[in-house]
Amino acid sequence: MLGAAKLSERTLLTLFLIPVTILAVAGIASNAILPTLIAEAPEPACSVDSRDRAAIKRARLAAQDVVLGEKVIAAGVGFFDFAHNQTGHAANYIELHPLLSIQRLRAKPQ
């Protein structure tokens, strides 16, 4: 079994592609009781020196157009956050941060 430091290091070097259902958008949450994960789409101005700045910008624009209940594939870098009263965190506080792409699996729900 990998130690916590090795697991964290491997996570930070991994791009995750995760099929998800959108349960919250900009702090507006649904009432679903499901395992959740936060995916953050940072302001592109915060990633000026990032090699992935263009992807971060596209992902943020795409994320602004998703709606509750929509099914998407979210791609991003694994990031272990700490508990700070965030809504929707995973049990181990892993997040996708930054979000690098978001693709719809089907049309928006009505």
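Residues of segment 40-61 that are of a type in the set (A, V, I, L, M, F, W, C) and surrounded by 17 or more Cβ atoms within 10 Å (Cβ to Cβ): Ala41, Ala55, Ile56, Ala59. Residues in segment 72-87 that are touching a Leu at 6+ places or on another chain (Cβ under 9 Å) and loosely packed, with under 15 Cβ neighbours inside 10 Å: Ile73 alone. Has segment 74-92 got at least one residue that is in contact with a Lys or Arg (Cβ under 6 Å, 6 or more places away or on another chain) and either at pLDDT 75 or above or in a loop (DSSP other than H, G, I, E, B) (or both)? No, every residue in segment 74-92 fails to be in contact with a Lys or Arg (Cβ under 6 Å, 6 or more places away or on another chain) and either at pLDDT 75 or above or in a loop (DSSP other than H, G, I, E, B) (or both).
Quick one: is Ile56 of a type outside the set (S, T, N, Q) and over 11 Å from Pro98 (Cβ atoms)? Here the answer is no, as Ile56 does not meet what is asked. Kindly indicate the residue of segment 1-53 that is in contact with a Lys or Arg (Cβ under 6 Å, 6 or more places away or on another chain) and not polar (S, T, N, Q) and also modelled with the highest pLDDT among those meeting that condition. Once the filter is applied, the top-ranked residue is Ala41.
Number of residues in segment 82-109 that are under 13 Å from Thr36 (Cβ atoms) and more than 9 Å from the chain's Cα centre (by Cα): the value is 9.
The values are calculated or read from the model by the stated rules, or taken from the named source; none is laboratory data. Small disclaimer: the values here were computed from a predicted structure and weren't measured. Cβ coordinates were reconstructed from backbone atoms using ideal geometry, including for glycine residues, and neighbour counts include every protein chain displayed.
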